[in-house]
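The values are calculated or read from the model by the stated rules, or taken from the named source; none is laboratory data. Keep in mind the model is a prediction, meaning the values are calculated, not measured. For neighbour counting, all protein chains shown are included, and Cβ atoms are generated from backbone atoms with ideal geometry for every residue, glycine included.
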Amino acid sequence: MLIQLGGQKQPAQGPVELLLECHERIRTFVALARRAGEQPDATAAEIVDACERVERYFTKALPLHVADEEQSLLPRLRGTSVEVDRALEAMAAQHAGHEAKLRALLSASSAVRARPGDAAGHRALFDAADELARDFDHHLADEERIVFPLVRALPAGEQAEIVAEVRRRRHPGA
């Protein structure tokens, strides 16, 4: 197996912890895509499985995380200060900037999934994952350093609202 996910741990309680878990999953799935791209000697089944998981994560889960930040954090933090507003604008702009690189990653992953023995496809997947990893490294670190401390400073009621919104996005009607 290229990378094993899962395990038993306590569910996150606060909004920052939920968001940090999302950030860890982003890093994990970019790393999985990179490993699938750099290990053409893995079995075809392992490569296909890795690509399917990467594609599922980046098409289903990542958009929910972006919505968490743009719909639940930005409105609550906007107007705090000029510096915060600049950071929030940068975060939103970076989300938009990730789109083309995500499309490239998904396209490369799909190609490798269809032809797991194609060395050129593996290289394209590795390159797309590597480029996206560099973008995400900077982006996630900035959010963790600048935005998340502000979320921790929100009143407990607002933090609880964020948690409820995040959970509703993942489990509508629950």
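Residue check, Arg86 against (1) at pLDDT 95 or above; (2) surrounded by fewer than 17 Cβ atoms within 10 Å (Cβ to Cβ); (3) under 23 Å from Leu140 (Cα atoms), all met but one. Which one?
Of (1) at pLDDT 95 or above; (2) surrounded by fewer than 17 Cβ atoms within 10 Å (Cβ to Cβ); (3) under 23 Å from Leu140 (Cα atoms), only one is false for Arg86: (1).
Please go through segment 47-57 and give me each residue that is in contact with a helix residue (DSSP H, G or I) (Cβ under 8 Å, 6 or more places away or on another chain) and not small (Gly, Ala, Ser), ordered by number.
The answer is Ile47, Val48, Cys51, Glu52, Arg53, Val54, Glu55, Tyr57.
Counting only residues that are touching a residue at least 12 places away in the same chain (Cβ under 8 Å) and outside any helix (DSSP H, G or I), which one in segment 40-97 is nearest to Asp127 (Cα to Cα)?
Out of the qualifying residues, it is Pro40.
Give segment 131-174 a look and list any residue that's of a type in the set (D, E, K, R) and either under 17 Å from Glu21 (Cα atoms) or in contact with a Pro (Cβ under 8 Å, 6 or more places away or on another chain) (or both), or say none.
Of everything in segment 131-174, those that are of a type in the set (D, E, K, R) and either under 17 Å from Glu21 (Cα atoms) or in contact with a Pro (Cβ under 8 Å, 6 or more places away or on another chain) (or both) turn out to be Asp137, Asp142, Glu143, Glu144, Arg145, Arg152, Glu165, Arg167, Arg168, Arg169, Arg170.
Could you pull out the residue among Thr43, Thr80 that is over 25 Å from Val151 (Cα atoms) and of a type in the set (Ser, Thr, Tyr)?
Answer to the check: Thr43.
Within segment 48-67, can one find any residue that is of a type outside the set (Val, Ile, Thr), farther than 19 Å from Leu106 by Cβ and out of contact with any Ser or Thr (no Cβ under 6 Å at 6 or more places or on another chain)?
Checking segment 48-67: not a single residue is of a type outside the set (Val, Ile, Thr), farther than 19 Å from Leu106 by Cβ and out of contact with any Ser or Thr (no Cβ under 6 Å at 6 or more places or on another chain).
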